[in-house]
1. In whole Å, what is the distance between the alpha-carbon centres of the stretch B:112-165 and the stretch C:148-194?
2. Looking at the stretch A:3-219 from every direction and averaging, what is the projected area of its Cα convex hull in nm²?
3. Taking the mean number of other Cβ atoms within 10 Å as a proxy for protection, how do you rank C:91-98, D:60-67 from highest to lowest?
4. Quick one: which residues, 5 or more positions from residue B:224 or on another chain, have an amide H under 5 Å from its amide H? H modelled 1.01 Å from N in the peptide plane, none for Pro or chain starts.
5. Taking just the alpha-carbon atoms of the stretch A:143-221, what radius of gyration and Dmax come out, in angstrom?
6. Using a loss threshold of 10 Å², tell me which positions in the stretch A:16-41 are less accessible in the complex than in their chain alone. Probe radius 1.4 Å, ligands and nucleic acids ignored.
7. Run down the aspartates and glutamates and flag those whose C-alpha is under 17 Å from the C-alpha of residue B:84, throwing out any fewer than 8 positions away in its chain.
8. To the nearest 0.05, how large is the calculated FRET efficiency for residue B:213 and residue D:176 if R₀ is 45 Å and r is the Cβ-Cβ distance?
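The values are calculated or read from the model by the stated rules, or taken from the named source; none is laboratory data. Note that this is a predicted model, so its numbers are computed, not measured. Glycine gets a Cβ as well: all are built from the backbone with ideal geometry, and neighbour counts include every protein chain shown. Remember, those area values only see protein heavy atoms, side chains included, never the ligands or the DNA or RNA. Shrake-Rupley method; radii C 1.70, N 1.55, O 1.52, S 1.80 Å.
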There are 4 protein chains.
Amino acid sequence: MLEALKEDVYKANLDLVTKGLVLITWGNASAIDRDQRRVVIKPSGVSYDDMSPSDMPVVDLEGTVIEGDLRPSVDLATHLVLYKAFPQIGGIVHTHSHYATCFAQASRPIPCFGTTHADYFYGEVPVSDVLTEAEVAEDYEHHIGEVIVRRFHNLDPMHHPGVLAACHAPFTWGITVAQAVEHAYVLEEIARMAMHTLMLTPNTERIASYLLDKHFLRKHGSKAYYGQRRDL
Amino acid sequence: MLEALKEDVYKANLDLVTKGLVLITWGNASAIDRDQRRVVIKPSGVSYDDMSPSDMPVVDLEGTVIEGDLRPSVDLATHLVLYKAFPQIGGIVHTHSHYATCFAQASRPIPCFGTTHADYFYGEVPVSDVLTEAEVAEDYEHHIGEVIVRRFHNLDPMHHPGVLAACHAPFTWGITVAQAVEHAYVLEEIARMAMHTLMLTPNTERIASYLLDKHFLRKHGSKAYYGQRRDL
Amino acid sequence: MLEALKEDVYKANLDLVTKGLVLITWGNASAIDRDQRRVVIKPSGVSYDDMSPSDMPVVDLEGTVIEGDLRPSVDLATHLVLYKAFPQIGGIVHTHSHYATCFAQASRPIPCFGTTHADYFYGEVPVSDVLTEAEVAEDYEHHIGEVIVRRFHNLDPMHHPGVLAACHAPFTWGITVAQAVEHAYVLEEIARMAMHTLMLTPNTERIASYLLDKHFLRKHGSKAYYGQRRDL
Amino acid sequence: MLEALKEDVYKANLDLVTKGLVLITWGNASAIDRDQRRVVIKPSGVSYDDMSPSDMPVVDLEGTVIEGDLRPSVDLATHLVLYKAFPQIGGIVHTHSHYATCFAQASRPIPCFGTTHADYFYGEVPVSDVLTEAEVAEDYEHHIGEVIVRRFHNLDPMHHPGVLAACHAPFTWGITVAQAVEHAYVLEEIARMAMHTLMLTPNTERIASYLLDKHFLRKHGSKAYYGQRRDL
């Protein structure tokens, strides 16, 4: 079942390695079929070289394996919480990409310092809370999802297609898993730009809100005019 | 029409990717035919992998598409302002190359700290103003060009073959589009050198004017003696 | 003798180059056969391009060459001290990998700032003492091993599979030489993450002990549940 | 004439590019035949892709071209001064390699912070003076050589096989041009290590003199014991 989605998820996981976002097995990608209520995700701790599309486990929204011989990623519970809370998203990516992880380790949001950032995130990249001891002790991976959702209480996940889990690493998402990969790639570059900008001028100011509006809305929303017209 | 120029522009756009100056579709190159008053530029939001020379739109100096099925880059209006204001230039490149963009985000000019820089820029790399809300609201990309031209009021664009658009990213130019690409590449390396020099010694002084003169004029101007003689 | 182990050691030495952990001949890997009490190690100062598995010298635990025409690495004496002191380990790697070496040069342990680190080291990466003049004067390489062992007086080498030799560079180890290589690779990335985290926020705090426990024990020890079940 | 030496110089110039030490045409390598009193050097401003060994000009010690159709590198005069002052050296390399150039731009010597450095330089990497206006005005490239030689008044060029020309970039040398390339490569890595060590701990101390002695003399001088015995 879901052979095309398995292909997408398989390819997305390999792309994370090719793009330099994942070392060893430090990352995973998943996608959801909303009609069938099934999620396809990377198997846990398996080398990227040894995987094939048919190795991708299929699970239901409670995390029960419906198809596949391998255990799903330990981060599955986090993905499931996000899929339930953010109905617009179709794919999720988790990495320990270098610069985004440094901001997560410092528990600092990434400020919007330029148009590169504003083309993708409608303001800062948020940070979710550090988990409490109780949240870690029971259903740890589930609670990682919960603290992310809590952080998005007043944020639109389509305006901020990613988050930094404090002391941990980033999660990104998108309409498709391929877009979630693109957002992971963009997040890493804007994190690196923000770090070097801060090292050059520690008190750099965020860009003006009218410039943020211009860039984000030039590519997103009903008046977008970047790229080729979609109806052509 | 302009098939040779389309080849040059196509190749220049691919070179930006090969040289690591452009990620995703974050950049564009153009060239002008001054006799025919036509500009060839990258199409908007098209992947570099999917382009061929014949996809490059040809426009007139008012931006009307004369030939080609694809929309020109959204940055076209900026390029046109620069071609009109700087009659010596034949090609323009826009990138979000990493270190140059960090200086742009911090709105800091790049000081001339060494001979590497002095071989290409006759002094600092200038920064243009942040656009006002009114300039962003109407004809945004046109106004990016206007603020750059304003910054060059007393500067020779052949002595400073590039600029940092504040909160945004660099633009470079040259006699040809290939030279504009070379200047984009050099700008990125001198930005990276300047950043690391400042991190090592924050109060590093600019090089002496006689050393700046020596290096810039050894490669440029009537008494240049670097390289092989052009008449050979 | 020990042809399979020579293959492993040969391959490990090449992997160090491929993974960017070793430049020129700045590194070496070894493995031990505990039953036969023999160690296989890289030959000294030989280019990685020119080696074959049969070039790997076999030595006894006193460092006498039992088989092979080439001198063993000058760091052999260090490896032998570690094999004797840490009976659980089967392989050792020494590199001058960039960021780990910077922490060693600054004589600073690497604090645990995030889960990436906590998945592999159960707390900070320790630093061993600078050698005294007397320790350098006689049996220098032997004493490098001794100061490392002294540093592990109250530490479990399986909880901290590596160390920074002050003013020098890292050593890592593992159950096998392949695992020692993996630990050298991980150490380099967590050193780089810690450096950039400190540059971003100099007073970043270490992660909570309950989060450190969770991550280290999720992958190690009797209740590990990361990856595929080993008995499958 | 000197066909073998032309091959060596050609290969050394290409190695500088392969090793990431030279961008565009920012570097050159030369070698000397002491018996015939001839120097072979890279031609000026020629792309590395377009060269062949027979393009390498041969000059005498006054800089007169004896063989070859292309102009020698503009830096030839610097090389000639060094060959005359340092009779032990057989090859010279000039690059604008990134981190070494940053130290040169900041006019800071590179302190010896660890054994990686001590294996190649017997103490800090020195910086030569900024040239005066008069020195720049006449015979500029000759005077670059003169200020380097002045800096080595009390230094042994075999103990410090390289220098940073202030506000400019590094020069390295060796017994052969291949060794000069190796020293350029090592210099770049120890510059990068020193910069990151200083960013981590600005007041890092230099290594103890007994440790410096140990490492430099383990690889150099009459009691060297690193590598394979030369007489085998």
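1. 49 Å
2. Numbers: hull surface 47.8 nm².
Over every viewing direction, the Cα hull of the stretch A:3-219 projects on average to 11.9 nm².
3. Working: C:91-98: 27.1, D:60-67: 12.4.
Output ranking for C:91-98, D:60-67: C:91-98, D:60-67.
4. Correct list: empty.
5. 14.1, 37
6. Residues shielded by partner chains are A:23, A:24, A:25, A:26.
7. List returned: B:33, B:35, B:60, B:62, B:75, B:139, B:141, B:146, B:156.
8. Working: r = 37 Å, r/R0 = 0.82.
That pair, residue B:213 with residue D:176, gives E of 0.75.
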